[in-house]
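Below is one structure, written out as structure tokens; the observations come after it.
Each value in this text was obtained by applying a stated rule to the coordinates, not by laboratory testing. The model shown is predicted, which means the values in this text are computed figures rather than measured ones. Cβ atoms come from the backbone with ideal geometry, glycine included; neighbour counts cover every protein chain shown.
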Amino acid sequence: MDRPKWEVADVFRRYGEAHRDKHGVSMSTAQRRVMTAIELCRTAALGGQIEQCDECGQQRFSYRPCGNRHCPKCQSLARAEWIEHRQAELLNCEYFHVVFTVPDKIAAIAYQNKEVVYNILFQATAETLRTIAADPKHLGAEIGFFAVLHTWGAALLHHPHLHCVVPGGGLSPDGARWVPCRPSFFLPVRVLSRLFRRLFLERLQSAFDAGKLGFFTTLEKLQDRREFLRYLEPLSKSEWVVYAKPPFAGPEKVLDYVGRYTHRVAISNNRLLDIEAGQVSFRYKDYRDHSQQKTMALSAEEFIRRFLLHVLPHGFHRIRYFGFLGNRHRQEKLAQCRELLGMAPPGVPSEPSVVQDYRDRYETLTGKSLRLCPFCHCGHMIVVGEILAPQRLPAIKDTS
């Protein structure tokens with residue numbers, strides 16, 4: 001794929017300082033760090049190497065990546081490594097993709113209480129899936145799955161939701177049988193939705209009672225318990241969106257598809273169209289209009305604001321594993337599942353004898369070379385010199 005003409009980093013470099021000057025007091029340290037990391041990504045500020053083609057002799061500067069999980073340019077290797085680690089966990093059964101979404105009024109609370117409310121989203125989703133699946137009226141089995149948090153919609157607005165990928169079956173209560181789902185049907189989404197709504201609201205109210213929620217600006221009145229309960233009351237009667245996508249076409253399709261979800265950021269560089277005259281225009285898919293591809297133009301200030309809506313709290317895990325895929329008993333439970341499904345044990349992956357350069361690692365995992373000469377497309381780039389990073393990187397101003 002050709003390199004995009006514009007990048008999120010270009011927007012930050014061109015308009016970021018004005019954004020900091022205007023909104024620095026309200027920006028979190030995490031948001032400022034993300035902006036700085038993306039601005040410096042693959043620039044001389046991080047150092048790098050001088051490479052030369054062994055065929056045509058052309059040289060290029062190859063700068064180091066920032067590695068930030070919010071950076072659009074730093075996800076390919078992380079995605080490839082995640083897929084490699086998950087390969088051995090695939091089971092020979094149908095896989096389902098279930099999405100849990102919260103209403104806009106909950107999203108507003110979530111933005112002011114990210115860590116607390118996002119954790120509740122994971123907890124309520126996991127308990128919902130495991131409870132309904134364990135019910136003999138539905139599946140009567142222990143399931144396993146992983147869930148990936150996304151916080152954005154196509155237009156970059158705050159829209160928290162979880163993508164869950166679930167094998168189509170589970171272990172019987174005694175662990176002696178694999179209990180399969182009905183063909184192309186996982187669990188009734190309306191039943192999932194009702195339980196998810198109840199569990200989420202119960203946990204949210206418990207968090208309020210424990211003093212774990214804060215409310216500011218337009219939500220400040222929710223500090224009063226009566227106002228908080230009045231705010232939630234209509235949500236206990238509305239329909240919450242839970243939907244199941246068609247099952248994957250075989251286990252081998254799961255990871256390639258889901259890898260696009262696990263390491264996606266709020267917007268990729270290849271969606272950007274222009275960043276001139278204080279405006280940022282980009283492509284988006286309008287799901288309310290039959291998924292039509294459209295163009296949106298925002299002021300640079302608004303684009304940066306929307307991008308930063310999706311910066312996660314430091315150390316927050318956006319991919320989590322549950323049931324028989326839970327970290328504590330994963331290997332033991334997966335071995336049990338494979339045996340019941342008549343699958344051979346997975347091969348033991350060979351560990352590289354030495355630490356690989358990230359470009360070699362990327363080629364090993366994806367089969368695509370980052371060393372191929374971009375000029376003659378025949379030779380390979382070899383390192384002929386080092387670019388040292390400055391002793392001190394630009395300071396990240398903390399104006400909080």
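Using only the alpha carbons of segment 42-173, what is the convex hull's orientation-averaged projected area in square nanometres?
Values: hull surface 53.1 nm².
With the hull built on Cα positions only, its mean projection is 13.3 nm².
Using only alpha-carbon positions, what ratio does the radius of gyration of segment 129-237 give when scaled by 2.2 N^0.38 Å?
Values: Rg = 18.1 Å, N = 109, 2.2 N^0.38 = 13.1 Å.
For segment 129-237, the normalised Cα radius of gyration is 1.39.
Per the Debye formula with a single identical scatterer at each Cα and no solvent contribution, what log10 I(q)/I(0) holds for segment 136-177 at q = 0.33 Å⁻¹?
Listed by q, the Debye log ratios stand at -1.07.
If you take the Cα Rg of the chain and divide it by 2.2 N^0.38 Å, with N the number of residues, what do you get? Show your work: numbers first, answer last.
Values: Rg = 23.6 Å, N = 400, 2.2 N^0.38 = 21.4 Å.
Taking N as the residue count of the chain, the ratio is 1.10.
For Ala297 and Asp174, what is the calculated FRET efficiency with R₀ set at 45 Å and r taken between the beta-carbons, to the nearest 0.05?
Numbers: r = 60 Å, r/R0 = 1.33.
Taking R0 as 45 Å, the efficiency between Ala297 and Asp174 is 0.15.
Over segment 93-161, calculate the relative contact order: mean separation of alpha carbon pairs under 8 Å at least 6 apart, over the residue count, as a percent. Could you put the intermediate results ahead of the total?
Numbers: 48 pairs, mean separation 23.4, N = 69.
Relative contact order here is 34 percent.
For Tyr257, Tyr118, which order do you get if you count the other beta carbons within 10 Å of each Cβ and list the fewest first? Don't skip to the end; give the middle numbers.
Values: Tyr257 14, Tyr118 20.
Going from least to most buried by this count: Tyr257, Tyr118.
How much length is gained if the chain between Lys212 and Val25 is pulled fully straight, taking 0.36 nm per residue apart and subtracting their Cα-Cα distance, in nm to one decimal?
Numbers: separation 187, 0.36 × 187 = 67.32 nm, distance 2.29 nm.
Extra length available between Lys212 and Val25 comes to 65.0 nm.
Taking a virtual spin label 7 Å from the Cα of Leu273 along the C-beta vector, which residues in segment 131-168 bring their backbone nitrogen under 17 Å of it?
Of the residues in segment 131-168, 154-156 have backbone N under 17 Å from the label point off Leu273.
Restrict the search to segment 54-163; then list the trypsin sites (Lys or Arg not before Pro) that DSSP places in a loop and that have at most 14 other Cβ atoms within 10 Å of their Cβ.
Passing both the DSSP loop test and the Cβ count: Lys137.
Under Stokes-Einstein, with the Kirkwood radius over Cα pairs standing in for Rh, what whole-number D in µm²/s applies to segment 241-356 at 25 °C and 0.890 mPa s? Before the final figure, lay out each step's value.
Numbers: Rh = 19.1 Å.
In µm²/s, the coefficient is 128.
Using Cβ counts within 10 Å as a stand-in for footprinting exposure, how do Val8, Val166, Val383 rank, fewest first? Don't skip to the answer; put the middle values down first.
Values: Val8 29, Val166 26, Val383 13.
Least to most surrounded, the residues fall as Val383, Val166, Val8.
Taking the beta-carbon count within 10 Å as an exposure proxy, list Arg3, Arg177 from fewest neighbours to most.
Working: Arg3 9, Arg177 13.
Lowest to highest Cβ neighbour count: Arg3, Arg177.
With the dipole of the chain worked out from charges on the C-beta (+1 for Lys and Arg, -1 for Asp and Glu) around the Cα centre, which of Gly214, Val99, Val258 lies farthest toward the positive end?
Gly214
What Kirkwood hydrodynamic radius, in Å, does segment 93-142 give when the mean of 1/r is taken over all pairs of distinct Cα atoms and then inverted? Walk me through the numbers before you get to the answer.
Numbers: mean 1/r = 0.0794 Å⁻¹.
Over segment 93-142, the inverse of the mean reciprocal pair distance is 12.6 Å.
Can you give me the relative contact order of the chain as a percent, contacts being Cα pairs under 8 Å and 6 or more apart?
On the way: 609 pairs, mean separation 116.7, N = 400.
Over the chain, the number comes to 29 percent.
In Å and from the alpha-carbon atoms only, list the Rg and Dmax of segment 161-315.
According to the Cα coordinates of segment 161-315, Rg and Dmax are 21.0, 66 Å.
Which whole-Hz ³J(HN,Hα) couplings does segment 223-238 yield from phi under the Karplus relation 6.51 cos²θ - 1.76 cosθ + 1.60, θ = phi - 60°, glycine and proline marked x?
4, 7, 4, 5, 5, 4, 5, 5, 5, 7, 3, x, 5, 6, 10, 7
Which far-off residues, 5 or more places away or on another chain, put their amide H under 5 Å from the one on Thr43, with H placed in the peptide plane?
Arg64
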